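What follows is calculated from the coordinates using simple rules that are stated; it is not laboratory data. Values in this document were obtained by computation on a predicted structure and should not be read as measured data.
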Amino acid sequence: MDCFRIKFYRTAKGLLMVTSTDSRRLTAIEALVLESDSSADVGSAARPAFFLDFDGTLVDLAPTPEGVVAPEGVVALLDRLAAACGGAVAILTGRPLDFVDARLAPLRLTAAGQHGAELRLPDGTTVTARSEPLGVARTRLTALATDWPPGILIEDKGLAVAVHYRAHPDLGAEVDAAVAALTEDLGPALHLRRSKMVAEVTLAGVSKGRALDRLMREPPFRGRTPIVIGDDVTDDDAFEAARGFGGLSFQVGSRAGHRADFEIDGPAEVLRLLDELARGGPAGRRPSP
């Protein structure tokens, strides 16, 4: 699909310059970000709801799963954004919720963890998928790991098991094939997800797209326009789901074949965009709660 890359510039009228031939998309993103000439608040037409990936989107990727560090100020920024949008901010991540909560403490946003296998609703209730189908996969992946060199890491998330081969990209095809064969052998209850230097065995029937769909039916998300920002193939389901609600999506960095409407440079640019939106753009207006 066509996609338009964006870069940020401070101008007299706003902060965003877009090269686009799609007038609907251009108009929609200007309504969210640029200073309005009318008396309405920025974002009032769309009343945005934000769905944000964590790794590679809010924080930079790290060599190991535990090495991720939230940048200074991100917690305060997300808190301001949530206040500006009536609480309609959610994290959609492949990480366990406990992992994200520890890095965003004391903030506890609405969130989907482990690709939607964990779902924390706006009222704080957590819905968790059954983990039993992963038992055999966990045992067999641990056995497979004995044949791989140090640096290939097994991350047991509880409701998913990920194999990270960032330290050995030359073995990526071999690792991926082994995890794929194991997943297929264990039947339809499990699903293989591929992301950046990761092959992951997850529960079938869960995805970030399904999590977004569920949350969009709950206040304060209901009736709003979803804005999804993510960097990996696992975010494509959420990009598509947002489109079903008339929303917009941003791919962070370049990735061939992604399904987002726009591309945006790395986490620093994401945080810059969110900061402007939380403050209502250069005019200091706030999105309608």
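The spacing between the range 110-157 and the range 244-262, judged by their C-alpha centroids, is 26 Å.
Under a 5 Å amide H cut-off, with hydrogens placed 1.01 Å from N, THR225 pairs with ALA49 among residues at least 5 apart or on other chains.
Note on the range 130-273: the C-alpha convex hull projects to 10.0 nm² when averaged across all orientations.
Per residue, the convex hull spanned by the Cα atoms of the range 134-203 amounts to 73 cubic angstrom.
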